[in-house]
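Participant: I have a structure here, written as structure tokens, and I will follow up with some questions on it.
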Amino acid sequence: MAAESAGGLLLRAAALVPPAHYAVAALVLASAFLYRFLELHVLGDLLRGFRGGRVALTFHPDSQVYHRVASRCRSLHGRYLATPWLASPHLQTLFLGFFARAPPFTYRRQLYTVRDGGTIALDWLLASDCEDAVDGSCNGTISSDDSTPIVIVVPGLTSDSSAAYVKHMVFSMASKGWNVVVGNHRGLGGISITSDCFYNGGWTEDLREVVNYLHQKYPEAPLFTVGGSLGANILVKYLGEEGENTPVAGAASICSPWDLLVTSRFISRTLVQRCYDKALAIGLKGYAKLHQPVLARLANWEAITTSRSTREFDHHATCVVAKYETVDTFYRRCSSVNFISTVSVPLLCISALDDPLCTREAIPWDECRANKNVVLATTPNGGHVAFFQGLTAGRLWWVESVTEFLSALHDSPCMHQRKTQEHGLQSPLESSIDKGPYVNLMGDGMVAAVTNEDDSLANQIESEMEHSDDTIAVQQNRITKVLQGECHGENTSSSEDNVTHAQSRIGSQEQREELSTDKIQDAIAPVKKSMNRLIRSQGRSLWWLAYIAVVTSWPLLRILYGKKLRNSLPVKWLRS
């Protein structure tokens, strides 16, 4: 009998193994694959005794926002434990989108028309609504002198006031006695597009108008803002653009993408991330379909409907409507990471390190640490704007943290106050985006970051020069009249005292030169005063100030010493 091959022996041995053993092995391999694929962390939670991961805080060592506000928030100094049966960022994110239970309440809708003709739905939940639900009464109004704080919530991409995480935030703040309003993006919340402008990840004009409108209508009510996902990117970008000029007293950013270019590359990197990318593209195409008559007129509708990723949709729709050259240009200019350093409002930023949409690689750790107004809180788990906790997954950890932070901020002296500039405050509905640093107002109204230079100094110098323009003009006229009088043998002056003084001392050429020098000093004095004040506050810009001084004084020197300069010896040598 011929010797049996090795392969045949292996097959005979494998046949002797019971099928149940193969089933168990397949189940183990499948479980390991799913555990890895879904990024489950239930075993890690078990090894930690289900205590959860510690919340890591990043802040400036001298930050008063941390020492007086964040340090009083227990949730920010504890641990976060995810719901055990949702111990995965993907499970949390999917559960939030499809199965999350939101608090039952009804908004009060207000339609607001912005300057370009667009319509925004403002959905209100007042503190009185929560109180009236108990006693059966219903008021539903806010007086103009009401000092109850108002929270403005900015939803994420294709989200509106009906999203579960938005309703959790709204109900939590209203239950604390605050008035809350959700600023739906234009074209969402059941509202049609009424202009040729669509919102995008860097569109801050709508938020700016809403904030200024509410500040004008309720001047005694402190304004706070909360943004989630793409709404957080819009919020932080707005705060960075406005700087000290915003009436917002405090803010919170939840799961911001921070760098849109990095995030775009991240969601196209692996299989599971590409699934999210396609899901977002489907949502964007659904949004576009709602407004097909307008969008089809502005862009290639066929290319929009065939988009398979968010990048393709932005290429065919967003960049065309908003007039960006390329998708990368759009992502770079609209990323809030470029504006975090100029935020002047107490800001709490919350991010999960396992966020399946907004990667940890985009989190601006150093920028948050350098800004005294920013406190960054990161957790090992949480998913995207989810952070479910409790066995029933009925609560969101970040909602509790934001509520605690804003309440502590309201009771502290760290609330931001809008500062008055030298030329006066702008009107509440006036946009200051084209006047602040790091931004440029494009022809279509889009806001774009263009430079990192300190343009605010130039604006300050300009206001100082405008303040002294009238004085300098008067002095120039006086000097010109004196010189003209001297050329014709007349004794001319701008006042009776100067006439008497000039007539008594005009006998010689040296005395006339001394009089002219005094007039120059009088004319330049206001400019010197303004320059000295600016030098004390902006010592690093001496060259810019020197340039302005030369440009300002040169016309006077030409009037007074033009003949002498032309007859000087070096000039004669040059002519010869």
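Only the coordinates and a few stated rules stand behind these numbers; no lab work does. The model shown is predicted, which means the values in this text are computed figures rather than measured ones. Don't worry about glycine lacking a Cβ; one is built from the backbone with ideal geometry, like all the others, and counts go over all protein chains shown.
Participant: Take the cross-link list LYS176/LYS372; LYS167/LYS285; LYS217/LYS278; LYS278/LYS372 and give me the ones stretching past 30 Å between alpha-carbons.
Facilitator: LYS217/LYS278; LYS278/LYS372
Participant: Could you check the simple spin-label distance between ARG360 and ALA20, using points 7 Å along Cα→Cβ, in nm with one decimal?
Facilitator: Rounded to a tenth, the inter-label distance reads 4.3 nm.
Participant: What's the extension gain from THR326 to ARG36 if we count 0.36 nm per residue and subtract their Cα-Cα distance?
Facilitator: Contour length minus Cα-Cα distance gives 100.8 nm.
Participant: If you place +1 on the Cβ of every Lys and Arg and -1 on the Cβ of every Asp and Glu, how big does the dipole about the Cα centre of the range 263-315 come out, in debye to the nearest 20?
Facilitator: The calculation lands at about 140 debye.
Participant: Let me ask another. Dipole of the range 190-245 (Lys/Arg Cβ +1, Asp/Glu Cβ -1, origin at the Cα centre): which of SER229, GLY202, PRO219 lies farthest to the positive side?
Facilitator: The listed residue farthest towards the positive side: SER229.
Participant: Normalised by the residues of the range 126-275, what does the relative contact order come to in percent, with Cα pairs under 8 Å and at least six apart?
Facilitator: 25
Participant: Would you tally the net charge around SER75, using a Cβ to Cβ cut-off of less than 13 Å, leaving SER75 out, and scoring K and R as +1, D and E as -1?
Facilitator: Around SER75, the surrounding residues sum to +3.
Participant: May I pose another question? For ARG54 and LEU353 in one chain, what is 0.36 nm times their gap in residues minus the Cα-Cα distance, to one decimal in nm?
Facilitator: Value of the extension gain: 106.4 nm.
Participant: Quick check: the distance between the Cα centres of the range 211-241 and the range 49-122, to the nearest angstrom?
Facilitator: 16
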